[in-house]
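To start, the structure itself, in structure tokens.
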Amino acid sequence: MTSQNLARTIEQAREAALEELRGLTGEEGLEEWRVRYLGRRGRLTAALRSLGTLAQEERRVVGAQANQAKALLEESLAQARRRVRESRIAGLAQEERIDVTRPGRPVAMGRFHPLTRILREICDAFESMGFQVVEGPEVEWDRYNFEMLNIPRDHPARDMWNTLWIDQEDDEGRQSMLLRTHTSPMQARTMERVKPPVRVIVPGKCYRYEATDATHEWHFYQVEGLAVDEGITLANLKGTLYEFARRLFGAERKVRFRCDYFPFVEPGVEMAIDCFACEGAGCRICREAGWIEILGAGMVHPKVLEGVGYDPAVHTGFAFGMGPERIAMLKYGIEDIRLFYSNDLRFLRQF
Ligand code: FA5
């Protein structure tokens with residue numbers, strides 16, 4: 001190649017490169033451009049390599065021209081890279097701009113389910129009187145749910161608890177496993193494990209084969225209480241439950257105890273409070289009775305104590321069981337128990 005031709009080739013490559021560079025806006029395009037003109041096989045590099053074919057004087061002149069062109073393209077590339085980077089940053093800033101004067105988005109606040117609230121209130125009241133919270137299995141043996149509670153097989157008292165049985169037979173081919181119908185099995189389980197004194201409170205889910213209506217669910221909570229020690233009397237039971245009723249329903253509450261029957265207590269009682277809505281005068285909440293029943297209770301039956309190896313001549317105790325759904329219904333004025341389990345936010349947001 002003559003020196004004139006080579007000088008023209010360099011000139012053309014330089015012009016074409018600068019022209020092309022002006023139209024490039026992305027980093028990838030710039031890299032391709034660099035390879036095409038300044039890379040090992042690039043147009044300008046090829047021209048520089050041909051310098052060796054020229055006479056010395058010509059090589060000096062054209063070589064200087066080629067080096068200038070190379071320096072110019074390198075400088076232009078650096079500038080183009082700066083330009084592309086700056087415009088990318090400007091674009092990002094535009095996209096992510098925060099308008100600090102705009103009102104914030106509302107934060108969705110969670111809250112406790114009304115049953116969680118009432119369970120905590122009940123447990124807190126007893127914990128402050130020295131009771132310990134324990135929990136037990138919802139799938140239970142017949143032995144704990146009935147037998148150890150003085151309700152032998154085929155005893156008519158079993159009809160008080162409509163039972164959901166699990167397919168599990170004992171050696172005699174009789175069903176032996178069930179969904180617990182109350183939290184009372186934890187009385188026997190607790191006493192089997194520890195020696196007196198015992199003071200426990202047991203919140204937990206129970207299941208019964210029952211049709212649902214405004215006051216009945218087939219699954220519901222209970223809170224069981226048990227206190228066993230030397231010299232515990234019915235007076236202790238009354239005092240403890242009276243204090244509980246006052247904490248939950250107000251300091252001016254009165255309580256009423258009447259006889260009731262549960263096979264695992266003797267004597268057995270039901271406890272009612274005077275209606276906190278009408279102060280006992282009679283209203284819709286207490287169904288004109290002036291009193292509202294809130295739980296079953298009694299002195300632990302000697303047979304139950306014997307069954308777990310306690311000596312009823314030395315140790316006595318009281319037990320009680322209540323339904324927190326019904327207590328929450330009274331306290332918050334809820335008319336249908338099914339609302340607790342319907343997951344309706346319009347209901348839940350009121351608590
Ligand atoms: C019992 O289950 C006894 N274990 C309570 C007890 C414990 C007595 C310790 C003595 C000593 P009862 O079946 O009455 O008793 O149930 C107790 C409470 O559970 C009821 O007062 C009620 O509030 C709640 N309850 C019972 N069945 C249902 C149901 N289907 N739906 C909602 N709550 C229920």
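Table for the structure above
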| read-out | value |
| --- | --- |
| Single unsatisfied condition, M177 versus (1) in a strand (DSSP E or B); (2) within 20 Å of V304 (Cβ to Cβ); (3) hydrophobic (A, V, I, L, M, F, W, C) | (2) |
| Scope the stretch 110-168; condition small (G, A, S) and within 15 Å of F264 (Cα to Cα); matching residues | A157 |
| Test for G225: is it within 16 Å of I294 (Cα to Cα) and at pLDDT 95 or above | yes |
| Within the stretch 149-167, considering residues that are touching a residue at least 24 places away in the same chain (Cβ under 8 Å) and more than 13 Å from the ligand (Cβ to nearest atom), the one farthest from G307 (Cα to Cα) | I166 |
| Qualifying position, being in contact (Cβ under 8 Å) with a residue 60 or more places away in the chain and within 43 Å of the chain's Cα centre (by Cα), among L115, L92 | L115 |
| Lone unmet requirement of (1) closer than 24 Å to M160 by Cα; (2) without any contact (Cβ under 8 Å) to a residue 24 or more places away in the chain for F264 | (2) |
| Hey, E288 charged (D, E, K, R), over 19 Å from L149 (Cα atoms), in the same structural domain as I201 (by TED's automatic domain parsing) and more than 33 Å from the chain's Cα centre (by Cα) or not | yes |
| Residues satisfying the stated conditions in the stretch 221-256, i.e. among the small types (G, A, S) and buried (at least 19 other Cβ atoms within 10 Å of the Cβ) | G225, A227, A245 |
| Residues that are in contact with a strand residue (DSSP E or B) (Cβ under 8 Å, 6 or more places away or on another chain), surrounded by 13 or more Cβ atoms within 10 Å (Cβ to Cβ) and either over 30 Å from L164 (Cα atoms) or among the hydrophobic types (A, V, I, L, M, F, W, C) (or both), drawn from the stretch 130-152 | F131, V133, V134, W141 |
| Answer from K195, K205 - the residue that is at pLDDT 95 or above, surrounded by fewer than 17 Cβ atoms within 10 Å (Cβ to Cβ) and assigned to a strand (DSSP E or B) | K205 |
| Test: R82 is exposed (fewer than 12 other Cβ atoms within 10 Å of the Cβ), part of a helix (DSSP H, G or I) and outside the structural domain of I337 (by TED's automatic domain parsing) | yes |
| Qualifying residue in the stretch 182-194 (condition: touching a helix residue (DSSP H, G or I) at 6+ places or on another chain (Cβ under 6 Å) and near the ligand (Cβ under 10 Å from one of its atoms)) | yes |
| Residue count for the stretch 257-269, restricted to those that are surrounded by 17 or more Cβ atoms within 10 Å (Cβ to Cβ) and in contact with a Cys (Cβ under 8 Å, 6 or more places away or on another chain) | 2 |
| Inter-residue pairs, beta-carbon under 6 Å, first outside any loop (DSSP other than H, G, I, E, B) and in the stretch 208-230, second near the ligand (Cβ under 8 Å from one of its atoms) and of a type in the set (V, I, T), 6+ apart | Q222/T183; E224/T183 |
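Residue-wise test of (1) surrounded by 11 or more Cβ atoms within 10 Å (Cβ to Cβ); (2) in a helix (DSSP H, G or I); (3) out of contact with any strand residue (DSSP E or B) (no Cβ under 9 Å at 6 or more places or on another chain).
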site: L92; (1), (2), (3): no, yes, yes
site: P103; (1), (2), (3): no, no, yes
site: A108; (1), (2), (3): no, no, yes
site: I122; (1), (2), (3): yes, yes, no
site: D171; (1), (2), (3): no, no, yes
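The values are calculated or read from the model by the stated rules, or taken from the named source; none is laboratory data. Predicted model, so just to flag it, every value in this text is computed and none were measured. Note that we place each Cβ from the backbone using ideal geometry, even for glycine, and neighbour counts take in every protein chain shown.
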